[in-house]
Amino acid sequence: MSGQAISPGFDQDLANRLERIRESGLYRELREVDSPQSPRVILGGRSLLNFSSNDYLGLANHPLLREAAIKAVERYGAGAGASRLICGSLAPHHSLDAALAAFKNTAAALSFSSGYAAALGAICSLMTRGDIIILDKLVHACIVDAARLSGATVRVFAHNDLDRLERLLKWAASKRLCAADHPGSVAQGKGRVLVITETVFSMDGDLAPLREIVSLKDRYGAWLMIDEAHATGLLGPNRRGLAEEFDLGDQIEIQMGTLGKALGSAGGFICGSRLLIDFLINRARSFIFSTAPVPAASAAATAALGIVDSGEGSTRAKALRQRVQEVDCESSLHALGSVVCSSPGPRSAIIPVLLGEEYRAVAVANALRERGFLIPAIRYPTVARGHARLRITLTANHSAAETQALTHALKEVLHAPDVPHSHRSQP
Ligand SMILES: *Cc1c(COP(=O)(O)O)cnc(C)c1O
């Protein structure tokens with residue numbers, strides 16, 4: 001090859017684009033954590049109180065998950081070696097799929113290498129051009145990406161707004177009638193209509209009105225997919241998720257979740273009918289064309305399901321609820337108008353403190369870090385521009401003393417003179 005360097009235009013282009021990101025207060029950097037997930041993490045040689053992990057039940061470093069992972073490595077090695085459909089479908093994957101179906105009380109389940117891959121695989125295989133996908137405005141990026149990639153027509157309803165959802169369902173039903181009158185002329189698709197929502201919203205921590213959504217999708221003959229990423233392991237009498245809480249599991253076509261949050265491992269999954277899972281095995285491209293998950297991750301996730309389903313799971317979920325209540329009931333935070341007051345009933349482990357402008361969220365996060373707390377600012381594109389926030393997450397392993405330290409520090413920082421207030425002009 002000639003000894004030519006990479007095009008100087010390439011570096012210049014990237015430098016320009018990064019500069020624009022910096023100017024808008026949206027530049028991101030990796031923080032190297034030098035310890036397992038826990039209420040305390042070591043970052044840059046400093047021990048920080050961590051209120052930003054999705055390890056809600058404190059299982060990521062649990063002895064039983066570690067043991068399951070180690071045993072799986074000893075027996076099956078580090079890597080799966082191939083995709084599931086070639087020769088990588090190892091016993092730990094099959095055990096996990098069976099355990100997921102049993103846990104969610106569905107006929108079948110299929111695990112993927114990530115929740116992101118599960119969303120992509122399911123949505124893009126089920127929906128195509130001529131179909132309609134209806135999304136809550138705040139669904140996770142992986143659902144938005146999948147919906148776009150599927151080629152279906154995508155419509156979005158305002159967050160948790162049932163009237164808007166119904167209007168879109170009516171509109172979709174009328175489109176379907178048109179298509180039926182003129183077979184082949186309107187669209188190549190079959191006019192399928194799929195509604196997708198999260199049950200616990202990842203950045204706001206609030207819940208979807210799932211009962212009402214189920215009755216609406218039934219009334220208009222649509223299908224429903226729910227993403228229980230932040231509800232699995234936490235909500236419902238057996239901690240299966242919000243669908244279990246409302247006893248709606250068998251009325252929902254597609255149930256999705258991740259193994260990387262309350263289940264303390266890595267990977268994603270889809271639960272539903274045997275036909276759904278057989279279809280995904282045949283058509284979900286992120287499943288077919290990707291190396292099977294490392295056996296250690298699947299074995300650890302199976303161990304996590306065992307814990308969630310046990311007395312210990314119940315104790316851990318209870319401890320977590322207790323911690324959430326301690327922060328929730330901190331009336332002075334409500335007085336600041338920052339914490340979204342939760343209604344009675346099931347409650348997630350996510351407490352957003354809305355701060356507005358990006359620079360303000362960053363200033364507050366920095367001030368908290370100086371005081372020994374790790375709660376990174378969440379900014380665009382994770383949330384809408386001007387809706388930057390702290391996203392506080394609690395885990396079963398936090399102590400009452402730690403939540404108390406948190407609320408104390410929050411009050412101090414939100415009132416501190418060196419932290420800009422939301423309506424002051426940008427410095
Ligand atoms: C984290 C998350 C995902 C993606 O799951 P991964 O396993 O991390 O890829 C999907 N949906 C929601 C709502 C999430 O919060």
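The values are calculated or read from the model by the stated rules, or taken from the named source; none is laboratory data. Since this is a predicted model, take the numbers as computed values, not measurements. A quick note on method: Cβ atoms are made from the backbone with ideal geometry, for glycine too, and the neighbour counts reach across all protein chains shown. Ligands, DNA and RNA are excluded from the accessible area calculation, which covers all protein heavy atoms including side chains. Shrake-Rupley method; radii C 1.70, N 1.55, O 1.52, S 1.80 Å.
Please find, among Pro36, Pro92, Pro63, the residue that is within 21 Å of Thr302 (Cβ to Cβ), open to solvent by less than 80 Å² (accessible area, probe 1.4 Å), free of Cβ contacts under 8 Å to residues at least 60 places away in the same chain and not β-branched (Val, Ile, Thr).
On the way: Pro92 fails: free of Cβ contacts under 8 Å to residues at least 60 places away in the same chain; Pro63 fails: open to solvent by less than 80 Å² (accessible area, probe 1.4 Å).
Exactly one of Pro36, Pro92, Pro63 is within 21 Å of Thr302 (Cβ to Cβ), open to solvent by less than 80 Å² (accessible area, probe 1.4 Å), free of Cβ contacts under 8 Å to residues at least 60 places away in the same chain and not β-branched (Val, Ile, Thr), namely Pro36.
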Check: Which of the residues spanning the stretch 149-169 are more than 16 Å from the ligand (Cβ to nearest atom), crowded, with 19+ Cβ neighbours inside 10 Å and under 20 Å from Asp206 (Cβ atoms)?
Finding: Phe157, Leu165
Notebook entry, point to check: farther than 24 Å from Gly241 by Cα, within 16 Å of the ligand (Cβ to nearest atom) and hydrophobic (A, V, I, L, M, F, W, C), is that true of Leu90?
Noted result: no
Next item on the list: Return the residue satisfying two criteria in turn: it lies in the stretch 96-140 and is crowded, with 21+ Cβ neighbours inside 10 Å and β-branched (Val, Ile, Thr), and of such residues it is nearest to the ligand (Cβ to nearest atom).
Entry: Val139
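Within the stretch 1-19, work out how many residues are outside any helix (DSSP H, G or I) and open to solvent by 100 Å² or more (accessible area, probe 1.4 Å).
3
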Check: Mind checking whether some residue in the stretch 73-86 is aromatic (Phe, Trp, Tyr) and farther than 24 Å from Ala292 by Cα?
Finding: no
Next item on the list: May I ask you to list the residues in the stretch 243-268 that are open to solvent by less than 10 Å² (accessible area, probe 1.4 Å) and near the ligand (Cβ under 9 Å from one of its atoms)?
Entry: Met256, Gly257, Leu259, Gly267, Gly268
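Please state which one of Arg46, Arg22, Arg31 is loosely packed, with under 15 Cβ neighbours inside 10 Å, over 24 Å from Leu406 (Cβ atoms) and either of a type in the set (D, E, K, R) or in contact with a Gly (Cβ under 7 Å, 6 or more places away or on another chain) (or both). Explain how you work it out, then say what you get.
On the way: Arg46 fails: over 24 Å from Leu406 (Cβ atoms); Arg31 fails: over 24 Å from Leu406 (Cβ atoms).
After applying the criteria, what remains is Arg22.
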Next item on the list: Consider only pairs whose beta carbons are under 7 Å apart and that are at least six residues apart or on different chains; among these, list those whose first residue lies in the stretch 137-148 and is farther than 18 Å from Gly205 by Cα and whose second residue is of a type in the set (A, V, I, L, M, F, W, C) and near the ligand (Cβ under 7 Å from one of its atoms).
Entry: Ala146/Ala119
Note to self: Take the residues in the stretch 372-388 that are loosely packed, with under 14 Cβ neighbours inside 10 Å and touching a strand residue (DSSP E or B) at 6+ places or on another chain (Cβ under 8 Å); name whichever of them is modelled with the highest pLDDT.
What the structure shows: Gly372
Check: Does the stretch 296-309 contain any residue that is closer than 30 Å to Ala401 by Cβ, within 16 Å of the ligand (Cβ to nearest atom) and in contact (Cβ under 8 Å) with a residue 12 or more places away in the chain?
Finding: yes
